[in-house]
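Undergrad: Pasting a structure below so you can have a look.
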Amino acid sequence: MNAPATRQKFIGRSVTRLEDLPLVQGRGRYAASISFPHQLHMRVVRSAHAHGKIVSIDTAAALAMPGCFAVWTAADVAAIPPIEFRPTHIKGLEPYRQYVLARERVRYVGEPVAVVFAEDAYQAEDAADQVVVEIAELPVILDAEQLPGEFEPGRDTEPTVIRKKFGDVEGAFREAQSVVELDLIIGRHSGVPMETRGAIARHDATRDVLELHGATKRPHPNRDLLAKMLGRSPSSVHLYECHIGGGFGVRGEIYPEDVLVCAAALRFGRPVKFIEDRRENLMACNHSRQQRHHIRAAIDADGRILALDDEFFHDQGAYIRTHGASVADGTATMLAGPYNVPAYRVVAHYRLTNKTPAATYRSPGRFESTFVIERVLDAIAAKAGIDRVEARRRNLLTTRQMPYTRPLDLHGSAMMIDSGDYALLFDKTLERFGWAQLQRDLAQRRAAGELVGAGVAFFLEKSGLGPVEGVRIIVDTGGTVEVVTGAASVGQGVETVIAQICADTLGVDYRRVRVTHGRTDRIDYGTGAHAARVTVMTGSATHIAALKVRAKALEIAASDMMEAEIDALDIVDGRVVRKDSPDSPSVSLAQIAAALTAASAVAKGREPGLSADGVFHCEHEAYPYGAHVAVVKVDAETGGVKIERYLASYDIGVAVNPMLVEGQIVGSMVQGLGGALFEEFVYDESGTPLAVTFADYLLPTALDVPPVDVLLTQDAPSPLNPLGIKGGGESGITAVGAVIASAIDDAIGRAGAVTQLPVTPQRLHAILKRRQQSPQ
Amino acid sequence: MSGEIDINLNVNGRNHAVRVEPRRTLVDTLREQCGLTGTNAGCEHGVCGACTVLLDGEPVRACLMFAVQAQGRRLRTIEGLAEGDKLHPLQQAFIDHHGLQCGFCTPGFLMLAAGVLERRPDINDDDLREVLSSNLCRCTGYKNILKAVRAAADQMRGAKT
């Protein structure tokens, strides 16, 4: 074999994905495709009332239905505690957790009140229709800004108020040249993956192991949580990830249904399968985003921010789910974004309403806070009489300030922005978009009567949530490299990216690397796939482990097999070669693995196996950043918005696979367009959800999507990890609401006109009508 | 509900004799009775198009049809798109152009595109975008799906001339 003289690079290359082949062939294994012999199907009976006392639940008719095996109400799961949230420093949230089946009261339409188990999914649905639930209605709360009501006797619907503060806010407002003040609303919407939730549990009595299939996002923490709730030891519970049809923050958390299938599988001794339908998904899977902000900014004569003072109301829905108050907390922490803010005060009212419980959705707290702070920057520009671009330039943090510590607590440590050159990216973005010429073109078109305008927004992201992640790398005797990680995959390309890092570091082709994820039976720990953390955390751990395997392989080849100095050797395409004569005889990793079988390794006093563990620890997150610019045209008749051009720029530190990063940016940008223009969970005055089909909850289609240009830069690698990586999973969504609002304002010639997302045609039409009545 | 009936479904050139309730949807029947789980059900009310299959060459929503309605028709699903190990140009183009992420909507998009390109190999970009807007994807933002289908269309047309 003629080994190539130099190692192939894999980091930084847009190679095609390892995941794709089975997926384009229809061989994906999503939750609905997982079945076990003799399984039962579970169907949830959900509350039709937003708030009320449970008077009675009559299950007799359901039990008499063909194929019906059992019906459970809260009494049947009385020993199961409510679902816990992650550890948090915020006190007093425990009483507001959700039980897996409603006890005494229901608090949102869609809340599980009973479950039916039957031999077939159709029979389960038929039987569930026969469960008669009698509810005595109570008053509903649908607006987080109205006075708190009663959650239960002695407890109101405001679990906590989060306060953040630094600097002399009062003094800054006293000294300010002027003050801008805004009232801003972000609508209730969510991730809405194309695959609904699914959970299949079975108990293997021979080993006394409970298995949950269809898990994702956080398999290990969820294993521990399920074990605790069901009174089992963690090692007797295993979670298995299959293919996942999109995560976006909502999929893979522990919901009532996950616990119920496990409890039923244990009690019945039969596998139990739950597949959510779309109507359920839209009213039972986590909602997100809904907030109303009353924000003031004190500025000097040049439009520089002296202080921010924000009070906002976070609409959590009916219960506190697995994230606790972290979305409100994160919003309160991230509000200052990429800007110099000397004084800061945020008061966040975290309140419950009679709607579907809320939690994280891609870029949680940042989509919201970026909309708010960027609206503020546009308002500052108008107030100070300066250009919107200039307003940002004057307030952005500079390279001299990096790393920049903001005196706010984030996940228990101070918020430290690791690196960034914001002005550079801003310049590159405007240059690429042709911003200056664009302003002249738009002015001409507006003069000719068109409602066209451009928007601009800058944003700070965060990524690589720690504190720790580990992998184990094993080279088998066939030369295939396996990376076992506690990370998960929600469709973003984890297997490819981790394989690239491993391949690049070790010296093999990335196609020889198999990445195993989402299985608690293969590795003891892991934090999963969320918060744009996998490439940063698992990637770094993979790099560390691959270096160890490489060192081990070179050491053995040098001493036992090639009679050479280690420094004279390299690993190229899975073979150890001499650097100076790559065509001379070489040794494959498979041969080295074979020489390290248990017997031969131990005989030579070595650890068996060509394998190594790698652990990466990091207390701080890596902060990517970006800018969005867009051109929109408004139709005055319909209130419709057409996006003519869009540029999303992003500095990711180091892009392991630029094609996949761009895929994340474009995909999340379009997802953000939904929340900016179309998607909203609307309720009527009784608390009945009105968006429970895709005819009412509108996802962006191919026709709604503008040509999206992407500028991916690598100017500010993170100093926090060995490869300089920052995360990209939430890269494109954060500024979409902000930039669309900015562009619409510009198009209709009225700064600050857009105060509410989504900007539906009805809302924009109303704005245009007000504009006619009181021209600016 | 009972009264199951025996039907014969022709899927990807193979006959499947199955017994179904008249109310059983085509997508459930393909998945559970025929063992063809490549067709995914995304919304079960005909909007998302994840379950798109070809019925006598025409793209249809398998969640909006009953299995009994497909008797005597030719069905083609994602499992029948490749010829053995040789991928259809659309499948290869989706890989080459990163036209998928989670992959859940992919079989529906591939069958939709296959059905359209077979009837309209010369379809222009605007019409293609219009047609593909009938299916939903939550990951890709459609950019690379459009790019992939366009590339496959060009290749397929080139191969014929």
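Undergrad: Picking from A:Asp580, A:Asp635, A:Asp567, which residue would you name as being within 42 Å of the chain's Cα centre (by Cα) and either modelled with pLDDT of 95 or more or over 30 Å from A:Gly337 (Cα atoms) (or both)?
TA: Within the list A:Asp580, A:Asp635, A:Asp567, the selection yields A:Asp635.
Undergrad: Sticking with this one: Give the stretch B:34-52 a look and list any residue that's out of contact with any Lys or Arg (no Cβ under 8 Å at 6 or more places or on another chain) and either without any contact (Cβ under 8 Å) to a residue 60 or more places away in the chain or more than 7 Å from chain A (Cβ to nearest Cβ) (or both), or say none.
TA: If the condition is that a residue be out of contact with any Lys or Arg (no Cβ under 8 Å at 6 or more places or on another chain) and either without any contact (Cβ under 8 Å) to a residue 60 or more places away in the chain or more than 7 Å from chain A (Cβ to nearest Cβ) (or both), then B:Cys34, B:Gly35, B:Leu36 are the ones that fit.
Undergrad: Then there's this: If you check every pair at least six apart or on different chains, which have Cβ atoms under 7 Å apart with a residue in the stretch A:92-121 that is over 14 Å from A:Cys68 (Cα atoms) first and a residue that is among the polar types (S, T, N, Q) and assigned to a strand (DSSP E or B) second?
TA: A:Gly92/A:Thr160; A:Leu93/A:Thr160
Undergrad: If a residue has to be free of Cβ contacts under 8 Å to residues at least 12 places away in the same chain and either away from chain A (no Cβ under 11 Å) or assigned to a strand (DSSP E or B) (or both) to count, how many in the stretch B:12-33 make the cut?
TA: 3
Undergrad: Which residues, counting only those in the stretch B:5-41, are touching an Asp or Glu at 6+ places or on another chain (Cβ under 8 Å) and either at positive phi or at pLDDT below 95 (or both)?
TA: B:Asn12
Undergrad: Looking only at the stretch A:705-724, filter to residues that are in contact with a strand residue (DSSP E or B) (Cβ under 7 Å, 6 or more places away or on another chain) and hydrophobic (A, V, I, L, M, F, W, C); which one of those is nearest to the other protein chains (Cβ to nearest Cβ)?
TA: If we take residues in the stretch A:705-724 being in contact with a strand residue (DSSP E or B) (Cβ under 7 Å, 6 or more places away or on another chain) and hydrophobic (A, V, I, L, M, F, W, C), then A:Val708 is nearest to the other protein chains (Cβ to nearest Cβ).
Undergrad: Working only within the stretch B:125-155, note down all residues that are among the β-branched types (Val, Ile, Thr) and not in a helix (DSSP H, G or I).
TA: Across the stretch B:125-155, the qualifying residue is only B:Thr140.
Undergrad: Follow-up. Could you grab me the full set of residues in the stretch A:672-695 that are of a type in the set (Gly, Ala, Ser), within 12 Å of another protein chain (Cβ to nearest Cβ) and more than 18 Å from A:Ala648 (Cβ to Cβ)? I'd like the intermediate steps shown before the answer.
TA: Within the stretch A:672-695, the first condition is being of a type in the set (Gly, Ala, Ser), and the residues that meet it are A:672, A:674-676, A:686-687, A:691, A:695.
Retained after the next criterion (residues that are within 12 Å of another protein chain (Cβ to nearest Cβ)): A:672, A:674, A:695.
The one that is of a type in the set (Gly, Ala, Ser), within 12 Å of another protein chain (Cβ to nearest Cβ) and more than 18 Å from A:Ala648 (Cβ to Cβ): A:Ala695.
Undergrad: Select from the stretch A:186-211 the residues that are within 14 Å of chain B (Cβ to nearest Cβ) and farther than 14 Å from A:Ala31 by Cα and list them in ascending order.
TA: A:His189, A:Ser190, A:Gly191, A:Val192
Undergrad: Considering only the stretch B:53-82, state which residues are surrounded by 20 or more Cβ atoms within 10 Å (Cβ to Cβ), without any contact (Cβ under 8 Å) to a residue 40 or more places away in the chain and at the interface with chain A (Cβ under 8 Å from one of its Cβ atoms).
TA: B:Leu81, the sole residue that qualifies.
Undergrad: Any residue that is more than 31 Å from the chain's Cα centre (by Cα), under 20 Å from A:Asp129 (Cα atoms) and acidic (Asp, Glu) - is there at least one of those in the stretch A:83-105?
TA: Scanning the stretch A:83-105, I find no residue that is more than 31 Å from the chain's Cα centre (by Cα), under 20 Å from A:Asp129 (Cα atoms) and acidic (Asp, Glu), so the answer is no.
Undergrad: Just the residues that are at pLDDT below 95 and of a type in the set (A, V, I, L, M, F, W, C), please, taken from the stretch A:55-111.
TA: Answer for the stretch A:55-111, where residues must be at pLDDT below 95 and of a type in the set (A, V, I, L, M, F, W, C): just A:Ile90.
Undergrad: I need the full set of residues from the stretch B:83-113 which are facing another protein chain (nearest Cβ under 7 Å), more than 9 Å from the chain's Cα centre (by Cα) and buried (at least 24 other Cβ atoms within 10 Å of the Cβ), in order please.
TA: B:Gln91, B:Phe94, B:His98, B:Leu100, B:Gln101, B:Cys102, B:Gly103, B:Phe104, B:Cys105
Undergrad: Looking at (1) more than 14 Å from chain B (Cβ to nearest Cβ); (2) assigned to a loop (DSSP other than H, G, I, E, B), which is the one condition that is false for A:Phe36?
TA: (1)
Undergrad: Could you list, in sequence order, the residues of the stretch A:690-712 that are farther than 21 Å from B:Cys105 by Cα and in contact with a Ser or Thr (Cβ under 7 Å, 6 or more places away or on another chain)?
TA: A:Leu711
Undergrad: I'd like to know if the stretch B:141-156 contains one or more residues that are within 7 Å of chain A (Cβ to nearest Cβ), among the small types (Gly, Ala, Ser) and buried (at least 19 other Cβ atoms within 10 Å of the Cβ).
TA: Yes, that holds for at least one residue.
Undergrad: Consider the stretch A:636-671. How many of its residues are outside any loop (DSSP other than H, G, I, E, B), out of contact with any strand residue (DSSP E or B) (no Cβ under 6 Å at 6 or more places or on another chain) and of a type in the set (Gly, Ala, Ser)?
TA: 3
Undergrad: Being within 29 Å of A:Arg223 (Cβ to Cβ) and in contact with a Leu (Cβ under 7 Å, 6 or more places away or on another chain) is the filter here; which residues of the stretch A:531-571 pass it?
TA: Correct list: A:Ala531, A:Arg533, A:Gly539, A:Ser540, A:His543, A:Ala546, A:Val549.
Undergrad: Shifting gears a bit: Of the residues in the stretch B:67-124, how many are of a type in the set (Phe, Trp, Tyr) and not in a helix (DSSP H, G or I)?
TA: The qualifying residues number 1.
The values are calculated or read from the model by the stated rules, or taken from the named source; none is laboratory data. Worth saying up front: this structure is predicted, and the values here are computed from it rather than measured. Cβ atoms come from the backbone with ideal geometry, glycine included; neighbour counts cover every protein chain shown.
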